[in-house]
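The values are calculated or read from the model by the stated rules, or taken from the named source; none is laboratory data. These numbers were taken from a predicted model, which means no experiment stands behind them. In this analysis, Cβ positions are derived from the backbone assuming ideal geometry, glycine residues included, and neighbour counts consider all displayed protein chains.
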């Protein structure tokens, strides 16, 4: 280890000195150690500029890290501190809705059967989503929904609920809900007497 017998005096503002001391203290070091690190990084970078054989030009990860510290040091202590404290970018968020749909209707096998759907839909939706209710008897309903953005930051949900009949699908109801960032509920009656309940629960999620 080289003996540290020489001194270098530098002039900085009181604010820069205080900021450098605080940053060094957070890293468990003192200001002198940080300055010596800058000097060492600068000398190493200068040596790297000298012509070398191809096999000697490979830099290890430690040298690359030194270049990062050197670039910040060239802009001043405060710039280096800002770089070391920089927080990672936050993910971009989007609005999505927890959609719950239930259709209660007489079952073809007798009695009354409730058919349910639950899914997450982004808003707005570029194309119609096709959903199908779950049922133990196989007597399902098909639901298509479009989500369009409206003025004032609201979204219009247009539902088309139908009962499959072979290759066709008989529409029983076309309810529409316009809502903002919040909860919304709607109850309707289908043309066959079906009781339809739709609930929307808005949330923010990471954009895909």
### Query
Of the residues that make up region 117-130, is at least one under 21 Å from residue 106 (Cβ atoms) and touching a strand residue (DSSP E or B) at 6+ places or on another chain (Cβ under 6 Å)?
yes
### Residue list for region 1-17, filter: at pLDDT 80 or above and surrounded by 12 or more Cβ atoms within 10 Å (Cβ to Cβ)
16, 17
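Quick grid of which residues meet (1) under 14 Å from residue 103 (Cβ atoms); (2) surrounded by fewer than 16 Cβ atoms within 10 Å (Cβ to Cβ); (3) at pLDDT 85 or above:
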{"site": "123", "(1), (2), (3)": "no, no, no"}
{"site": "149", "(1), (2), (3)": "no, yes, yes"}
{"site": "163", "(1), (2), (3)": "yes, no, yes"}
{"site": "169", "(1), (2), (3)": "yes, yes, yes"}
{"site": "174", "(1), (2), (3)": "yes, yes, yes"}
{"site": "186", "(1), (2), (3)": "yes, no, yes"}
{"site": "190", "(1), (2), (3)": "yes, no, yes"}
{"site": "194", "(1), (2), (3)": "yes, no, yes"}
### Query
Is it true that residue 180 is under 12 Å from residue 96 (Cα atoms) and surrounded by 12 or more Cβ atoms within 10 Å (Cβ to Cβ)?
yes
